[in-house]
Amino acid sequence: MTAVEPLSGIPLPAPAGGEPYLLTPGPLTTARSTKEAMLVDWGSWDGEFRALTAELRRRLVEIAGGGDAYDCVPLQGSGSYAVEAMLGSFVPRDGKVLVLMNGAYGQRITRTLGYLGRAHVTLDKGDYLPPRGHEVGAMLDADPAITHVVVVHCETSSGILNPIEEIAAATAARGRKLLIDSMSAFGAAPLDAATLGYEAMVSSANKCIEGVPGFGFVVARKDSLAAAKGNSHSLSLDLHDQWAVMNKTGQWRFTPPTHAVAAFLEALRLHALEGGQPGRLARYTRNRDTVVAGMRALGFETLLGDRLMSPIIVTFFAPADPAFRFDRFYALMKDQGFIIYPGKLTVVDSFRIGCIGQLDEHVMRRVVAAADQALAAMGVATAAPPSSALDERKLQAA
Ligand SMILES: *Cc1c(COP(=O)(O)O)cnc(C)c1O
């Protein structure tokens, strides 16, 4: 982790009307111009809206580094709809999936495969340990029936950034296909299609591109999209069909989220203006470094060591002090203009602070000051976690 430098740059404008900052991994705080882009009613069949759709698809392939081999298929619904569509469209009915699990989103993928009736096995690393390339390789060697590996890029439930490169290498070396849930990381963390050679990747409008909720999108190999015909169990979630119709007519098959698409185009413009993925990563990294340094100075401890911590969302252990209550902490933070996020660990109490959205280090310093105030109001003497929480963390070093 880099040391936090002095404040620099012009602060981002605050949300309008005194609304709180969302320190959550989507929906998140969007730019005013992104919200204003929704003040137009578009005809879904109209040429101008079709041009928006075409530009959205082109720019997402560009951000993904997909070149001519990949295409983008947007799909109505939240991110989970797009994950389900990816699994149902690319895994043939007689396929078999290895799911790498280390949190709630990996578990959701396993549940989804159960609904889809696709054969699957899991590598379950618990709440926050990373699945490693050699573990994936050993499981693939032991079971030649496995056709696909599915991995979550940033597991938003803990904030861990999983080691995508070594997992992609282990998968490709054995001729299997890789599907990636990069919902909470795409657009900020590097994920180069040409280097990783994945079959498909999924993300959604309201995460690191900083749009509003309403649709997800899949970036996939064109040959895989063509070969996916007939795989899907579901008409509305059939990515092959959505792709084929979109290529033919320029339109979404069913009612598109027109306002969310218009907002997304503005969000993409701001993304490019900030320097694309590297620019966004730099701001989110400063956000994380600022909030982590400040919270550690108050006595808080992070679940993850610096090596595994993503610049997307950070999990903090709840303080051991009996005067600390999360509900009260949440309310006190909200009173000061910050919506934080509850924890999702099974073993120890925790909470999360998101680093994504229209936030900068100036905001993150105020978040830390607000946490300090909240602790004082509750009468919490120290934010140090129970020693059992720190024992958990030692497992990561092993
Ligand atoms: C946000 C997210 C999803 C999708 O969640 P929705 O609530 O359906 O939008 C899936 N995977 C990960 C890793 C996420 O962060």
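Could you give log10 I(q)/I(0) at q = 0.12, 0.17 Å⁻¹ for region 226-361, computed by the Debye formula over C-alpha point scatterers of equal weight, without solvent?
Here the Debye-derived log intensity ratios amount to -0.74, -0.98.
Between ALA297 and ALA51, what is the label-to-label distance in nm when each label sits 7 Å out along the Cα-to-Cβ direction?
5.0
Whole-Hz ³J(HN,Hα) for each residue in region 241-247, computed from phi via Karplus 6.51 cos²θ - 1.76 cosθ + 1.60 with θ = phi - 60°, x for glycine and proline: what do you get?
Listing the rounded values in order: 5, 4, 5, 4, 5, 4, 5 Hz.
Can you check how the C-alpha radius of gyration of region 157-264 compares to 2.2 N^0.38 Å, as a plain ratio? It would help to have the intermediate numbers written out before the result.
Working: Rg = 15.2 Å, N = 108, 2.2 N^0.38 = 13.0 Å.
Relative to the rule-of-thumb radius for its length, region 157-264 sits at 1.17.
Give me the one-decimal nm value for the distance between modelled label points at ARG365 and ARG307, 7 Å along each residue's Cα-to-Cβ direction.
3.3
I want the antiparallel fraction of DSSP beta bridges within the chain, as a percent rounded to 5. Don't skip to the end; give the middle numbers.
Working: 23 of 43 bridges.
Close to 55 percent.
I'd like to know how the chain sits against the 2.2 N^0.38 Å rule of thumb: what's its Cα Rg over that expected value?
Details: Rg = 21.2 Å, N = 398, 2.2 N^0.38 = 21.4 Å.
Normalised by 2.2 N^0.38 Å, the Cα Rg of the chain equals 0.99.
As a test of the formula, what do you get for the chain when each DSSP H run with n ≥ 4 contributes -39,500 (n - 2.57) and the sum is divided by the residue count, at 222 nm and rounded to the nearest 500 deg cm²/dmol? Intermediate results must be reported in sequence, preceding the final value.
On the way: 14 runs with 166 residues, N = 398.
Roughly -13000 deg cm²/dmol at 222 nm, from the helical runs in the chain.
Could you list which residues have their amide H under 5 Å from that of HIS120, counting only those 5 or more apart in sequence or on another chain, with H placed in the peptide plane?
Residues meeting the criterion, in which the H sits 1.01 Å from N, are VAL97.
Just to be sure I understand: of the beta bridges DSSP finds with both ends in region 92-190, what percent are antiparallel, rounded to 5?
Given both bridge residues lie in region 92-190, the antiparallel proportion sits at roughly 10 percent.
Ranked highest first by the average count of other Cβ atoms within 10 Å around their residues, in what order do 215-227, 121-133 fall? Display every interim value, and only then the final one.
Numbers: 215-227: 20.8, 121-133: 18.4.
Ranked by mean Cβ neighbours within 10 Å, highest first: 215-227, 121-133.
Give me the tail of P(r) for region 226-265 as a percent: Cα-Cα pairs with distance above 13 Å.
Details: 448 of 780 pairs.
Of all Cα-Cα pairs in region 226-265, 57 percent lie more than 13 Å apart.
Can you tell me which of 43-56, 184-197, 367-380 comes out highest on packing, and rank the rest after it, using the mean Cβ neighbours within 10 Å? Kindly include the intermediate steps, with their values, before the conclusion.
Working: 43-56: 14.5, 184-197: 20.9, 367-380: 17.4.
Ranking, from highest mean packing down: 184-197, 367-380, 43-56.
Averaged per residue, what accessible surface does the chain expose to a 1.4 Å probe, in Å²? Please report the intermediate quantities before stating the final value.
Numbers: 15890 Å² over 398 residues.
Here the residues of the chain average 40 Å² of exposed surface.
Which part of region 211-245 falls in the paramagnetic zone of ASP68, meaning amide N under 18 Å from the point 7 Å along Cα-to-beta-carbon?
Backbone N within reach: 220-226.
Taking all protein chains in place and a 1.4 Å probe, what share, in percent, of the accessible surface of region 33-272 do carbon and sulfur account for?
On the way: 4760 of 8790 Å².
Ligands and nucleic acids excluded, carbon and sulfur reach 54 percent.
Please turn the phi angles of region 292-299 into ³J(HN,Hα) values with the Karplus equation 6.51 cos²θ - 1.76 cosθ + 1.60 (θ = phi - 60°), one per residue in order, whole Hz, x for glycine and proline.
Taking θ as phi minus 60°, the curve returns 5, 4, x, 5, 5, 5, 7, x Hz for region 292-299.
Compare the peptides 235-246, 84-95 by average per-residue count of other Cβ atoms within 10 angstrom and give them in order, highest first. Before the final figure, lay out the partial values.
Details: 235-246: 19.4, 84-95: 22.2.
Ranked from most to least packed, the peptides come out as 84-95, 235-246.
The values are calculated or read from the model by the stated rules, or taken from the named source; none is laboratory data. Just so it is clear, the structure is predicted and the values come from calculations on it, not from any experiment. Note: ideal-geometry Cβ built from the backbone for every residue, glycine included; neighbour counts use all protein chains shown. Note: accessible area is taken over every heavy atom of the protein model, side chains too, but ligands, DNA and RNA are not part of it. Shrake-Rupley method; radii C 1.70, N 1.55, O 1.52, S 1.80 Å.
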